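Below is one structure, written out as structure tokens; comments come after it.
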Amino acid sequence: MPDRLQRLLRITPAQLRAFEATHRLRSVTRAASELHLTQPTVSVQLRELTQAIGEPLLERVGRQLRTTATGDLLARTVGQLNDCWQAFAAAQDELRGLLRGRLRIAAVTTTEYFVPSLIGPFAAAHPAVEIDLRVENRDRVVERLRLGLDDLSVMMLPPVDMALEHRPIAANPLVVIAPPAHRARNARASIALERLASERWLMREPGSGTRMATEEYFSAAGFAPRVAMSLGSNEAIKHAVAAGLGIAVISQLALTASSDQAMTLRVRGFPLQRTWQLVWRSDRPLNHAAQRFVSYLAAR
Ligand code: PGA
């Protein structure tokens with residue numbers, strides 16, 4: 001960097017304030033009083049500033065203090081510097097304003113076991129963003145997506161008849177669970193699905209994504225289970241299986257306690273390797289809080 005520029009960059013904001021006030025008030029004494037400084041302090045600041053610039057900035061004509069041509073140039077530059085800081089402050093406010101927005105997320109019920117931990121660090125980093133998390137089954141999340149009620153949705157199977165963007169955000173392995181005393185537990189190798197045809201299968205309610213993925217897999221495998229009961233939540237499924245009412249397919253993430261995990265049955269073809277997707281409509285602009293959330297998830 002040239003010496004001259006280095007000298008200019010050593011000019012302090014205090015020196016510029018002293019100059020600006022003296023230029024505007026045409027008096028060192030008045031400038032000192034406005035800045036709550038002593039007159040010698042302002043004089044020292046002006047002298048150092050003059051040395052850094054290398055030319056006189058102020059001159060006395062009779063009893064009047066005037067700025068030289070270089071002083072006028074500096075006064076204009078100080079104005080431009082102030083404009084730059086003001087533009088910075090405005091941009092900063094705008095940035096804060098964006099992150100003061102609202103982020104509406106609808107997530108399928110099964111994701112309730114992990115979505116809060118995804119949102120946690122984002123919420124902590126952006127305390128002014130109001131986050132509205134709804135937990136519904138797939139059908140309701142899709143319905144809300146159609147109505148445009150949310151910024152982002154989380155589900156395993158995004159509908160194919162809508163203009164959507166989606167990104168995988170987490171694995172969702174689906175496993176078979178059976179009561180602790182189930183006879184198939186004694187098998188040495190994993191058990192074939194056909195051998196479970198006469199079981200009482202417990203299913204999530206119609207409209208559940210877990211149910212949809214399970215039915216798709218069963219039908220592709222040519223397997224027709226005996227559906228004994230539909231239950232409206234993963235917790236209800238776990239309790240019903242533990243109570244010996246039947247067997248079920250459930251997300252491994254819903255098996256939170258070790259007693260839940262112990263119910264996993266080794267079945268050929270399982271776990272079904274499925275993925276949760278972050279989904280949004282491509283025909284509507286994402287608000288800034290949602291854009292930030294998408295980038296935050298991508299950067300994890
Ligand atoms: P569900 O959805 O909670 O409705 O079973 C799971 C999913 O779609 O990932």
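The values are calculated or read from the model by the stated rules, or taken from the named source; none is laboratory data. Keep in mind it's a predicted model, so treat the numbers as computed, not measured. All Cβ positions, even for glycine, are placed from backbone atoms using ideal geometry, and neighbour counts span all protein chains on display. All accessible areas refer to the heavy atoms of the entire protein, side chains included, with ligands and DNA or RNA removed. Shrake-Rupley method; radii C 1.70, N 1.55, O 1.52, S 1.80 Å.
With the requirement that a residue be surrounded by 13 or more Cβ atoms within 10 Å (Cβ to Cβ), in a loop (DSSP other than H, G, I, E, B) and not aliphatic (A, V, I, L, M), what does the stretch 172-193 give you? The answer is PRO179, HIS182, SER190.
Among the residues of the stretch 102-111, are any open to solvent by 70 Å² or more (accessible area, probe 1.4 Å), touching a helix residue (DSSP H, G or I) at 6+ places or on another chain (Cβ under 7 Å) and away from the ligand (no atom under 14 Å from the Cβ)? Looking for residues that are open to solvent by 70 Å² or more (accessible area, probe 1.4 Å), touching a helix residue (DSSP H, G or I) at 6+ places or on another chain (Cβ under 7 Å) and away from the ligand (no atom under 14 Å from the Cβ), one finds at least one in the stretch 102-111, hence yes.
Applying the selection to the stretch 233-242, what residues are more than 14 Å from GLN261 (Cβ to Cβ) and either open to solvent by less than 30 Å² (accessible area, probe 1.4 Å) or away from the ligand (no atom under 15 Å from the Cβ) (or both)? Answer for the stretch 233-242, where residues must be more than 14 Å from GLN261 (Cβ to Cβ) and either open to solvent by less than 30 Å² (accessible area, probe 1.4 Å) or away from the ligand (no atom under 15 Å from the Cβ) (or both): ILE237, HIS239, ALA240.
Of the helices (runs of 4 or more DSSP H) lying entirely inside the stretch 1-45, not one carries at least 3 residues that are open to solvent by 30 Å² or more (accessible area, probe 1.4 Å) and of a type in the set (Gly, Ala, Ser).
Pairs linking a residue in the stretch 277-295 that is part of a loop (DSSP other than H, G, I, E, B) to a residue that is small (Gly, Ala, Ser), with Cβ atoms under 7 Å and 6 or more positions apart or on different chains, are SER282/ALA163; ASP283/ALA163; ARG284/GLY148; ASN287/GLY101.
Looking across the stretch 243-260 at every residue that is open to solvent by 60 Å² or more (accessible area, probe 1.4 Å) and part of a helix (DSSP H, G or I), the one that is nearest to ARG183 (Cα to Cα) is identified as SER259.
Say whether the condition of being open to solvent by 20 Å² or more (accessible area, probe 1.4 Å), near the ligand (Cβ under 10 Å from one of its atoms) and farther than 28 Å from ALA224 by Cβ is met by at least one residue in the stretch 130-152. Looking through the stretch 130-152, at least one residue is open to solvent by 20 Å² or more (accessible area, probe 1.4 Å), near the ligand (Cβ under 10 Å from one of its atoms) and farther than 28 Å from ALA224 by Cβ. Candidates in the stretch 198-220 are the residues that are more than 8 Å from the ligand (Cβ to nearest atom) and open to solvent by 60 Å² or more (accessible area, probe 1.4 Å); of these, the one that is farthest from GLY246 (Cα to Cα) is ALA220.
Among the conditions (1) touching a strand residue (DSSP E or B) at 6+ places or on another chain (Cβ under 7 Å); (2) open to solvent by 80 Å² or more (accessible area, probe 1.4 Å); (3) part of a helix (DSSP H, G or I), ARG66 misses just one, which is (3). Selection of the stretch 199-231 for residues being within 30 Å of the chain's Cα centre (by Cα) and of a type in the set (Gly, Ala, Ser) yields GLY207, SER208, GLY209, ALA213.
Out of all the residues in the stretch 156-197, which are closer than 18 Å to VAL227 by Cβ, free of Cβ contacts under 8 Å to residues at least 40 places away in the same chain and either within 11 Å of the ligand (Cβ to nearest atom) or of a type outside the set (A, V, I, L, M) (or both)? GLU194, ARG195 - these are the residues of the stretch 156-197 that are closer than 18 Å to VAL227 by Cβ, free of Cβ contacts under 8 Å to residues at least 40 places away in the same chain and either within 11 Å of the ligand (Cβ to nearest atom) or of a type outside the set (A, V, I, L, M) (or both).
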